[in-house]
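Working notes, structure below.
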Amino acid sequence: RDIRRAIKLFLKLVEYGPIFTKFKKFTSLSEKERQEFLEKWEKSRIALKRHIIIALKGFIMLTYYNHRLVREKLGFRFKCDE
């Protein structure tokens, strides 16, 4: 529950972060602008921005690799799948 709240908050911060520099929400940016924005946050001097990107990357990776089809293609099985 706390993780869900944190992820929602992080996504909102990423969505509205560009408003202060580009005057647009993240989803309104071009693909190139989105990539540049995320790279800036990833390399930011502000630790919170870097930690948000790290947390979102981790969540995305966990979600992707937890998908049944991905696990099957990788040959990975949980003991409870057997």
Can we say residue 23 is of a type in the set (Phe, Trp, Tyr), over 28 Å from residue 76 (Cβ atoms) and not in a helix (DSSP H, G or I)? yes
Note down all Cβ pairs under 8 Å where the first residue falls in segment 43-70 and is on the phi > 0 side of the Ramachandran plot, the second is surrounded by 10 or more Cβ atoms within 10 Å (Cβ to Cβ), and they're at least six residues apart or on different chains. none
Here the residues within segment 14-28 that are out of contact with any Lys or Arg (no Cβ under 7 Å at 6 or more places or on another chain), open to solvent by less than 90 Å² (accessible area, probe 1.4 Å) and hydrophobic (A, V, I, L, M, F, W, C) are 14
Subset of segment 29-75, residues open to solvent by 40 Å² or more (accessible area, probe 1.4 Å), in a loop (DSSP other than H, G, I, E, B) and closer than 16 Å to residue 16 by Cα, comes to 30
Under 9 Å between Cβ atoms, at least 6 apart or on separate chains: pull out the pairs that start in segment 15-40 with a residue that is over 14 Å from residue 53 (Cβ atoms) and without any contact (Cβ under 8 Å) to a residue 40 or more places away in the chain and end on any residue that is assigned to a helix (DSSP H, G or I) and of a type in the set (Val, Ile, Thr). 25/19
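The values are calculated or read from the model by the stated rules, or taken from the named source; none is laboratory data. Quick caveat, the model's predicted, so the values are computed rather than measured. With ideal geometry, Cβ positions are generated from the backbone for all residues, glycine too; neighbour counts draw on all protein chains shown. The accessibility values were calculated without ligands, DNA or RNA, using every heavy atom of the protein model including side chains. Shrake-Rupley method; radii C 1.70, N 1.55, O 1.52, S 1.80 Å.
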